[in-house]
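Before any comments, here is the structure.
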């Protein structure tokens with residue numbers, strides 16, 4: 001299974017949530033709003049690039065707007081593999097938490 | 001609004017450059033979007049600043065990334081290189097060893113050169129310090145000693161002079177707490193020495209340390225020897241019977257210093273200065289140094305002081321010219337010409353030559369090997385390697401060898417340092433922490449590795465892979481056929497040059513050895529065997545007669561005699577003289593004269609050429625006779641000297657005999673000398689005692705002599721020297737040179753052998769197929785070997801022909817330094833030719849055997 005850093009995991013989940021129009025700025029805004037902390041562009045687009053090269057994300061070009069000087073956006077979405085990796089991480093976390101909770105109740 | 005607030009055009013361009021092609025469009029767009037937000041939120045300025053910051057961040061990240069990536073790639077090349085080199089063990093070892101030894105020699109030589117070149121470099125004022133020197137016009141001799149008053153006088157008269165320092169070297173007896181030292185170097189000097197030269201103090205104050213007549217300043221090493229860890233300041237030390245107080249301790253003087261001493265006394269403590277003798281302009285007993293003001297013109301000073309000696313002395317012709325000699329040229333350059341600089345240049349050239357030879361060899365061997373890997377290259381290319389990558393591969397390989405060779409070289413050099421230091425009488429060490437050293441090492445590694453790797457990297461990577469895989473084993477340069485032949489001519493030339501150098505060095509080494517043997521074996525003109533002598537200072541000299549009698553009592557002693565000092569210089573006149581004033585002045589400087597006792601001539605076994613020796617049968621000999629040597633007869637141009645009258649420094653006498661020149665070694669011409677039996681100058685006394693010992697019991701004899709010495713009641717330690725040892729010491733530089741040349745010879749032979757070895761390997765591997773076919777066709781292997789050997793031997797002969805005239809010329813030029821020299825021996829030429837042929841045969845033999853073993857089936861298989 002491919003490994004993910006926490007940051008990458010969060011970015012993947014953000015993209016899932018955004019459903020559509022998940023491009024760099026949108027993802028960054030989402031993360032900012034989510035965590036309340038400031039997020040730099042570089043800290044997002046480098047993992048994005050890496051994950052795309054690793055096959056966890058795929059992209060397609062979106063619309064070009066004036067505010068972008070007429071340049072198109074790159075819209076990211078999860079690949080099957082990306083979704084699978086996310087699910088694996090979630091499953092593992094869920095399992096561990098479940099065990100913790102049941103042992104707490106008995107203990 | 002959006003149109004007006006575009007981000008700075010330059011920044012945008014920069015950004016686009018920093019980002020990878022794939023993401024250029026979208027990222028630039030993203031960042032511009034963010035830019036506008038910041039403009040709205042803060043200001044345009046802030047936005048541009050933010051943009052710039054982002055660019056820098058990205059640039060840094062991508063730079064770090066590329067380094068990490070290339071280091072991974074590099075690691076891979078490294079692995080491959082090491083594997084390949086280990087597979088070719090034999091070649092790699094020879095290659096690395098050759099280069100390592102070459103580099104090690106180069107390092108050692110450069111250490112020596114640097115030490116010499118930076119002599120006296122620690123003096124901060126060195127560029128404005130000069131020594132005062134006097135030239136004797138007409139006979140090219142120079143006096144570096146000056147009279148006491150001179151420095152002061154010229155400082156008064158010449159405003160360019162800021163400061164002067166006078167130095168007198170002396171031998172004194174230093175005592176402290178039962179420890180006696182009489183061979184420590186003492187100097188007496190002005191306290192301005194600390195202002196002019198850079199001798200930092202560890203303890204005490206340089207401004208006042210030499211104020212008191214009874215003060216002494218020690219160097220820190222000697223202070224430690226005397227006082228251990230205690231503070232030496234204000235402690236007492238006895239020098240020549242006087243109690244002195246230590247007023248200062250100096251830092252250790254660096255090894256490469258012309259001014260070398262162990263302790264300092266104030267100048268005024270020199271006996272004779274207080275007796276008004278100082279004001280005689282004829283007592284040339286001090287070295288004078290001056291420091292000029294910054295920017296002063298040395299030539300103007302030279303003009304001003306040029307006749308200071310003539311003006312201040314009476315009755316002297318205008319043949320003395322005083323001028324300044326730059327301090328920072330003292331060590332390397334002799335005013336008379338030549339000097340240490342010759343050796344510095346020579347060794348630098350040799351170091352460079354060795355480096356070049358080693359590198360050439362290295363390149364030769366590497367390329368010889370790499371041409372055998374054409375198949376591997378072909379496959380690599382087919383599999384998708386770019387030419388660039390293949391080139392990088394070869395480059396890495398040669399770099400690996402170069403670095404490995406360097407590491408070995410440093411280790412070898414470090415281990416050889418003790419031997420080398422002993423050889424050259426220095427205390428050199430490898431300056432691992434010196435920036436210049438590290439930089440030059442890195443530079444040489446880069447240059448050597450790159451050059452060696454360049455040839456295969458460029459040429460071999462260029463091959464058409466299909467061609468190779470089809471089985472064209474021989475390197476077919478295609479349209480570069482001519483170039484191919486040029487390349488092998490180049491290699492041949494290199495090997496020939498290497499052999500020529502080896503032959504040259506062999507010749508030189510043999511000739512130097514011959515010259516040394518000649519000097520050591522030639523008859524000195526008297527008997528120097530088993531002869532020791534020692535100095536009787538001051539009052540002890542009065543007891544010469546008694547000492548001689550005591551010594552004669554032992555059977556271990558076969559002869560005793562005494563002499564005074566070999567005095568130098570004085571006015572000379574003789575019966576029938578017709579010399580010019582200049583000639584007389586010159587002779588006056590050259591002449592030597594010495595008092596001897598009646599045993600001297602017979603004990604020393606001096607040959608008498610004409611006339612007779614001094615004899616008790618002629619009582620007038622005692623006061624009125626001279627014996628002169630052949631050289632003096634020649635210089636005075638005397639026909640029939642016997643019976644003629646001779647007057648030296650006012651002492652008159654008749655010449656009764658002429659004796660053989662008494663040589664003190666053969667590095668210098670014998671001097672014109674006259675001998676006499678009774679004192680002619682005020683200090684004439686029997687200060688030297690010569691003792692001939694029976695050869696079988698040398699150590700017993702010495703113990704006996706020492707007991708006689710001790711019975712004289714002096715606490716001066718007994719010191720003696722054997723005359724033949726002293727003469728041999730003169731030859732130390734030549735013997736040193738021989739040892740160094742011997743080392744070079746071995747190295748040169750080794751390298752040439754390797755060179756030929758590699759070249760023959762290359763040539764033979766080319767011919768393997770040809771040989772195989774010939775064998776099948778029934779050719780005699782020996783014929784083939786013959787042809788090949790002949791070709792190699794022709795190269796060796798060419799090398800000899802090149803080397804002979806060059807080494808002849810160099811040898812003759814070098815021999816010019818010696819007044820007594822050997823003739824060039826033609827046998828040496830033949831011998832070295834023979835040696836080179838043997839070396840060639842030896843290194844070829846291995847490769848030639850390969851031919852014998854060639855199985856024709858193997859090579860034809862490839863078709």
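Per-structure values
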item	result
Residue check, residue B:49 assigned to a helix (DSSP H, G or I), facing another protein chain (nearest Cβ under 10 Å) and more than 12 Å from residue A:69 (Cβ to Cβ)	no
Subset of the range B:113-122 [surrounded by fewer than 19 Cβ atoms within 10 Å (Cβ to Cβ) and within 24 Å of residue B:297 (Cα to Cα)]	B:121, B:122
Options B:90, B:54; residue that is assigned to a helix (DSSP H, G or I) and away from chain A (no Cβ under 14 Å)	B:90
Residue B:398 being closer than 23 Å to residue B:761 by Cα, in a helix (DSSP H, G or I) and modelled with pLDDT under 70	no
Subset of the range B:667-707 [surrounded by fewer than 20 Cβ atoms within 10 Å (Cβ to Cβ) and part of a helix (DSSP H, G or I)]	B:695, B:696, B:697, B:698, B:699, B:700, B:702, B:703, B:706, B:707
Index of the failed condition, residue B:408 passing every other in (1) more than 30 Å from residue B:255 (Cβ to Cβ); (2) at pLDDT 85 or above	(1)
Residue A:63 vs. criteria within 14 Å of another protein chain (Cβ to nearest Cβ) and either surrounded by 20 or more Cβ atoms within 10 Å (Cβ to Cβ) or at pLDDT 90 or above (or both)	no
Given (1) touching a residue at least 12 places away in the same chain (Cβ under 8 Å); (2) facing chain B (nearest Cβ under 9 Å); (3) surrounded by 14 or more Cβ atoms within 10 Å (Cβ to Cβ); (4) in contact with a strand residue (DSSP E or B) (Cβ under 6 Å, 6 or more places away or on another chain), index of the condition residue A:28 fails	(4)
Filter result for residue A:76 (surrounded by 17 or more Cβ atoms within 10 Å (Cβ to Cβ), within 14 Å of another protein chain (Cβ to nearest Cβ) and in contact with a strand residue (DSSP E or B) (Cβ under 7 Å, 6 or more places away or on another chain))	yes
When residues of the range B:635-659 are limited to those that are within 30 Å of residue B:515 (Cβ to Cβ) and at pLDDT 90 or above, the one surrounded by the fewest Cβ atoms within 10 Å (Cβ to Cβ)	B:658
Qualifying position, being surrounded by fewer than 19 Cβ atoms within 10 Å (Cβ to Cβ) and closer than 27 Å to residue B:524 by Cβ, among B:565, B:622, B:600	B:565
Filtered residues of the range A:32-56 (kept if buried (at least 16 other Cβ atoms within 10 Å of the Cβ), in a helix (DSSP H, G or I) and away from chain B (no Cβ under 14 Å))	A:54
All strands (runs of 3 or more DSSP E) inside the range B:113-199 with 3 or more residues being under 22 Å from residue B:269 (Cα atoms)	B:161-171, B:174-176, B:185-189
For residue B:351: the one exception among (1) surrounded by 18 or more Cβ atoms within 10 Å (Cβ to Cβ); (2) at pLDDT below 75	(2)
Of residues in the range B:418-439 being assigned to a helix (DSSP H, G or I) and in contact (Cβ under 8 Å) with a residue 12 or more places away in the chain, the one nearest to residue B:343 (Cα to Cα)	B:424
Which numbered condition residue B:65 misses (of (1) within 13 Å of chain A (Cβ to nearest Cβ); (2) in a helix (DSSP H, G or I); (3) surrounded by 12 or more Cβ atoms within 10 Å (Cβ to Cβ))	(3)
Count - residues of the range B:70-82 that are free of Cβ contacts under 8 Å to residues at least 12 places away in the same chain and within 16 Å of residue B:395 (Cβ to Cβ)	6
Index of the failed condition, residue A:81 passing every other in (1) touching a residue at least 24 places away in the same chain (Cβ under 8 Å); (2) within 10 Å of chain B (Cβ to nearest Cβ)	(2)
Qualifying residue in the range B:615-632 (condition: touching a residue at least 60 places away in the same chain (Cβ under 8 Å), touching a strand residue (DSSP E or B) at 6+ places or on another chain (Cβ under 7 Å) and outside any helix (DSSP H, G or I))	no
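The values are calculated or read from the model by the stated rules, or taken from the named source; none is laboratory data. Remember, it's a predicted structure, so these values are computed and weren't measured experimentally. As a convention, Cβ positions derive from the backbone with ideal geometry for all residues, glycine included, and neighbour counts pool all protein chains shown.
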